[in-house]
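Only one structure is covered here, and it is reproduced in the block below.
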Amino acid sequence: MGTLYEALMLILDVVWFVMIAHIIMSWLINFQVLNLRQPLIWQVWSGLNRLLEPIYAPVRSILPNTGGLDLAPLVVFIIIIILQRALANNAGFFYGF
């Protein structure tokens, strides 16, 4: 069961870092530091979008429309933090204590 705990924490950490990369890349694209016409930038950007859109879409459907401000990543960050803390607080269950 300890392996399950560590696998869940690893998955949450990977999602966290992929989201950070996506957010930073979106800022760089919006401030025209990165150009989507470059093939490598386009591939990375579309790959990150394809990875994260299934996570963001259900959250966006629940949130009210805020215009140009996307709050879905913030809500997903909060959910990830809550899940990590819930797992850490119940780690004894996974290790049999």
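Taken together, the values in this text are just the output of simple stated rules run on the coordinates, not laboratory data. Owing to the predicted nature of the structure, the values given are computational and were not obtained by experimental measurement. Cβ placement follows ideal geometry from the backbone for every residue including glycine, while neighbour counts extend to all protein chains displayed.
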Identify, among Phe77, Val59, Gly96, the residue whose Cα sits farthest towards the positive end of the charge dipole of the chain, taking +1 on the Cβ of Lys and Arg and -1 on the Cβ of Asp and Glu, with the dipole about the Cα centre.
Val59
Under the Karplus relation 6.51 cos²θ - 1.76 cosθ + 1.60, θ = phi - 60°, what is the ordered set of whole-Hz ³J(HN,Hα) values for the stretch 31-43, x standing for Gly and Pro?
8, 6, 7, 10, 10, 6, 6, 6, x, 5, 4, 4, 5
Non-local amide H neighbours of Leu34 (under 5 Å, H modeled in plane, Pro and chain starts lacking H): which ones?
Ile29
Over the chain, what is the relative contact order in percent, taking alpha-carbon pairs closer than 8 angstrom and at least six residues apart?
42 percent
Phi-derived 3J(HN,Hα) across the stretch 63-74 with the Karplus relation (6.51, -1.76, 1.60, θ = phi - 60°), rounded Hz, x for Gly and Pro, is 6, x, 6, 10, x, x, 9, 9, 9, 4, x, 5
For the stretch 54-60, just list the computed ³J(HN,Hα) in residue order, Karplus coefficients 6.51, -1.76 and 1.60, θ = phi - 60°, integers in Hz, with x standing in for Gly and Pro.
x, 7, 6, 4, x, 5, 4
A student applying the Cα gyration tensor rule (rounded when a/c is under 1.5; otherwise prolate if a/b is larger than b/c, oblate if not) would label the stretch 1-76 oblate
